[in-house]
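A short worksheet on the structure shown next.
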Amino acid sequence: MTGHLPPAPAAPQDEGPGLRTELREAVVVTVGVALVGLLLGALWLWLAPRIPLVSDSTAVYLKDTEGEQAIGVDGTFTLLALACGVVTGAAVFLWRRRGGIPLVVALALGSLLGGALAWRFGIWLGPTQNVVAHAKDVGKGVAFDAPLELKAKGALLAWPLAALVVHLALTGLFGPRDPDPYAGYYDRAPRNVEDAPGTGA
């Protein structure tokens, strides 16, 4: 007659903080991350190259027709957005290592809103959008800065993509692990065949 090993004890279930708490934390993350967009917009205006324009009293032209400042403006926004994604993704993970779907969705939504806010805020802070009036104010032949513009709208996705990649990578590497459901089974298993129930002489 062969004995049977005792059943493994049930692993303790982690109930988590509760749906209401998770939703509240998600709202905090969404708003907090989105507000970082104000900083991104200010940095974009500060670091982006200027595009000089000049007027001849009848029309407005690029002063440097072979310049690559427009590409630099988009590139600056993209690099800054990627940096914001790395920082916010890491910050959200350090704040709540548990993770969870509401937190990840909030991070993605907040990053997307933050990028849009940075885009509009940078334009609002920058040179006036009324190029004709600005040209009249500065006078004929005097160079002035073109309005800040983001031509590559795909750059708005740089922040949420970077934030999600960083957050998910950190969660996978350093996040809490689920308990091993067989840990108790191995601890209670007999070491030798003679020790198993029902195998006595």
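The values are calculated or read from the model by the stated rules, or taken from the named source; none is laboratory data. The model shown is predicted, which means the values in this text are computed figures rather than measured ones. Cβ atoms come from the backbone with ideal geometry, glycine included; neighbour counts cover every protein chain shown. With ligands, DNA and RNA removed, areas are computed over all heavy atoms of the protein, side chains included. Shrake-Rupley method; radii C 1.70, N 1.55, O 1.52, S 1.80 Å.
Within the bounds of the range 101-119, is there any residue that is of a type outside the set (G, A, S), farther than 12 Å from A155 by Cα and without any contact (Cβ under 8 Å) to a residue 24 or more places away in the chain? Checking the range 101-119: at least one residue is of a type outside the set (G, A, S), farther than 12 Å from A155 by Cα and without any contact (Cβ under 8 Å) to a residue 24 or more places away in the chain.
Within the bounds of the range 126-145, is there any residue that is touching a residue at least 40 places away in the same chain (Cβ under 8 Å), within 30 Å of L107 (Cα to Cα) and touching a Gly at 6+ places or on another chain (Cβ under 8 Å)? No, the conditions are met nowhere in the range 126-145.
Taking the criterion of being within 24 Å of V36 (Cβ to Cβ), in a helix (DSSP H, G or I) and open to solvent by 50 Å² or more (accessible area, probe 1.4 Å), the residues of the range 113-153 that qualify are L113, L117, W119, R120, F121, W124, L125, K153. Of the residues L164, L156, the single one that is under 30 Å from D64 (Cα atoms), surrounded by 14 or more Cβ atoms within 10 Å (Cβ to Cβ) and either at pLDDT below 80 or out of contact with any Ser or Thr (no Cβ under 7 Å at 6 or more places or on another chain) (or both) is L156.
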